[in-house]
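Below is one structure, written out as structure tokens; comments come after it.
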Amino acid sequence: MTGGSGRSGRWIVDRLADEYEVVCVDLSHPGFEIDPAPGIDFRALDLADRGGVFDLVREVGPDAVVHWGAIPAPERHPGGTVFENNTIGAYNVLVAAGREGANVVQASSESAYGFPFAREPSLPDALPITENHPLRPEDPYGTSKAVAEEIAAMVVRRYGISVASIRPSWIQYPGEYACREVEDLAEGVGNFWSYVDVRDVAGIVAAALDADVEGHEAVHGAAAENYLDRPTAEVVEDFFGEVPETCAIEGDASALSTAKAGETLEWSPAHSWRTATEESVDAPVLYTE
């Protein structure tokens, strides 16, 4: 798993280590003095190093690859750095997996639609948003995720593996729900006030590994409801002055439909801001010194 030492990545590694032997790949190794948790090993690797990626994947010979390593937003690095890092990393990892015949689960993003990080907010074509909605990114991060999905489609055609691209919403952590601190609707309009608990992210990755995915499939990973405790269509109309012509969303249901994840992966979100906001859950510990 790439990006396994990252903030959300460690929750995924911890979940998968119960069932798999996980090789956690990240930019740096935690050190030879560590005592890894059961089922976990570590490798240091720059995903932009194609030879290193191909070498490591060949050496490990994985049954499956979870590609979670990327720069996760466009604001902290130059745009070209974000785009190049994410697209080159996706190409290297997915092609290496394809050559080894290993199926892939990769992190895409709701940002691929182009609503987050857009210069001006805009309505989706329909509510709820399904995975068939056009991708219209206008920032380097969202574009890198759209390209990564095209890479996935290419690898599926060339090597015959399967790739599940997970499009998570804004990831929240138990006891630390930043979304609940949003006071201005404009702060959350980029994803229409959707979110997902990190434990559900780990769950959808595990479900994607277990599922019989054919070809390349993109699926949403989102909570069942918005984080505002208001009807979603009402909030959209308050902000935009209208709703999409096709609007079939009920109550406070998430703007991102998870119906496909239910059908394709037999996954549904299990956590809600209503209980998780005040939960006290320790973050996973992948190793001790």
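We did not get these values from a lab; they are worked out from the coordinates using the rules stated. Worth saying up front: this structure is predicted, and the values here are computed from it rather than measured. As a convention, Cβ positions derive from the backbone with ideal geometry for all residues, glycine included, and neighbour counts pool all protein chains shown.
The chain: longest stretch without exposed trypsin sites (Lys or Arg not before Pro) (DSSP loop, at most 15 other Cβ within 10 Å), sites themselves excluded?
Longest stretch, sites excluded: 120-289.
Using a 10 Å cut-off on Cβ atoms, rank the peptides 148-154, 160-166, 278-284 from the highest mean neighbour count down. Could you put the intermediate results ahead of the total?
On the way: 148-154: 19.6, 160-166: 22.4, 278-284: 11.7.
Averaged packing, sorted descending, gives the order 160-166, 148-154, 278-284.
Residues with beta-carbon under 15 Å from that of Ile71, excluding Ile71: net charge, scoring Lys, Arg +1 and Asp, Glu -1?
Values: positive: Arg7, Arg76, Lys145; negative: Asp26, Asp46, Glu75, Glu84, Asp139.
Summing Lys and Arg as +1 and Asp and Glu as -1 gives -2.
At what distance in nm do the modelled label points of Ala283 and Asp49 sit from each other, each positioned 7 Å from its Cα along Cα→Cβ?
Here the answer is 2.5 nm between the modelled labels.
What does the charge add up to near Glu138, with Lys and Arg as +1, Asp and Glu as -1, over the other residues with Cβ less than 15 Å from its Cβ? Write down the numbers at each step before the final one.
Values: positive: Arg119, Arg136, Lys145; negative: Glu75, Glu110, Glu120, Asp139.
My count for the surroundings of Glu138 gives -1.
Tell me, rounded to the nearest percent, the portion of alpha carbon pairs in region 8-97 spaced more than 21 Å apart.
Working: 1381 of 4005 pairs.
Summing the P(r) tail past 21 Å for region 8-97 gives 34 percent.
Mean 1/r over all different Cα pairs, inverted: what Kirkwood radius does region 120-170 give, in Å? Don't skip to the answer; put the middle values down first.
Details: mean 1/r = 0.0783 Å⁻¹.
With all distinct Cα pairs of region 120-170 included, I get 12.8 Å.
Which of the following values of percent of Cα pairs over 36 Å apart was calculated from the structure shown: [x] 13; [y] 20; [z] 30?
Evaluating percent of Cα pairs over 36 Å apart on these atoms matches [x].
Magnitude of the Cβ-charge dipole of region 9-278, K/R +1 and D/E -1, about the Cα centre, nearest 20 debye?
Details: 18 positive and 47 negative charges, 169 e Å.
So the dipole magnitude of region 9-278 works out to roughly 820 debye.
Within 14 Å, Cβ to Cβ, of Ile161, how many net charges do the neighbouring residues add up to if Lys/Arg are +1 and Asp/Glu are -1? Don't skip to the end; give the middle numbers.
Values: positive: Arg99, Arg157, Arg158; negative: Asp63, Glu100, Asp212, Glu214, Glu217.
Result for the neighbourhood of Ile161: -2.
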